[in-house]
Every structure is written in C-alpha cells, then in structure tokens.
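Readers should treat all values here as calculations from the given coordinates under stated rules, not as data from a laboratory. Everything numeric here is computed off the predicted structure, so don't read it as measured data. Cβ placement follows ideal geometry from the backbone for every residue including glycine, while neighbour counts extend to all protein chains displayed.
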C-alpha cells in the first residue's frame, strides 16, 4: 500500500493527513498524538474513525495541521482520516457516513459588519 494523502477542514483549521501501512502510531506536527492533543476528548475525536472501522493498530498516520483552535484542528484531522479510510476500503463508508464523519461542517465565523460592534451586536444606543 502506498501513502494516501487527504485533506480535512473545520472552521479555519486545515489538516493534511498521510496514511500508510503500519502499527498504529499517530504523529501530529512532528509530535506524538498525546503530546499535541492533551485532553482525552480530543484524542478520542482523532481516533474515532479507526475505532468505528476497527483499524486501531493497522495504519501509521502523519498529520500536518494549522490554523484555527485545538478543537477545530482535531475535527479537521478526523474528517481527513475518515476520507482516507474510505479511499483504502469503500466498505468503511457505510460505517462512517451515519456517524456524520464524512460531512464537512460548513459553520464559519460570521464577519464583523461596519457600524456595529461585532457581527450582530450593535453599539450602545443612547436616546438622550
């Protein structure tokens, strides 16, 4: 099996994932997974595609991720891994699709408008 390259995005985070045959090691920006994503919730999000398809120790993963916050980055990695697993074996699609792991979350930060304090918040109104 050659290296499979996929991209995942969430908010402003972009994750490039390289998946190859191996023993289950995941490196994110040249750091170990537990070092880059310290909380158990974020580690669970990243490993979720492997857990659902029962491939925890079959593939080595190298990730380059930038932009956004740590949660957005973890979800971007999850989307990229899900896409990579679908390319490896098309049958994984049936387990990942109902969980919503193949859907790009379109929600982005709304832009600030002129004449307002934020996107929706207005400046304080003074009647007198």
Worksheet item: Of all the helices (runs of 4 or more DSSP H) wholly in the range 38-128, which have at least 2 residues that are under 23 Å from residue 28 (Cα atoms)?
Response: 40-53, 70-88
Response to the item:
Restricting attention to the range 29-58, the residues that are under 20 Å from residue 87 (Cβ atoms) and either touching a strand residue (DSSP E or B) at 6+ places or on another chain (Cβ under 9 Å) or free of Cβ contacts under 8 Å to residues at least 12 places away in the same chain (or both) number exactly 6
Discussion item. Return the residues of the range 5-18 that are surrounded by fewer than 16 Cβ atoms within 10 Å (Cβ to Cβ) and part of a strand (DSSP E or B); say none if nothing qualifies.
Written reply: 5, 7
Item to complete: Provide a single number: the residues in the range 65-100 that are touching a strand residue (DSSP E or B) at 6+ places or on another chain (Cβ under 7 Å) and surrounded by fewer than 16 Cβ atoms within 10 Å (Cβ to Cβ).
Response: 3
Item to complete: Please find, within the range 101-120, the residue that is nearest to residue 19 (Cα to Cα) out of those that are loosely packed, with under 10 Cβ neighbours inside 10 Å and under 14 Å from the mean Cα position of the chain (by Cα).
Response: 106
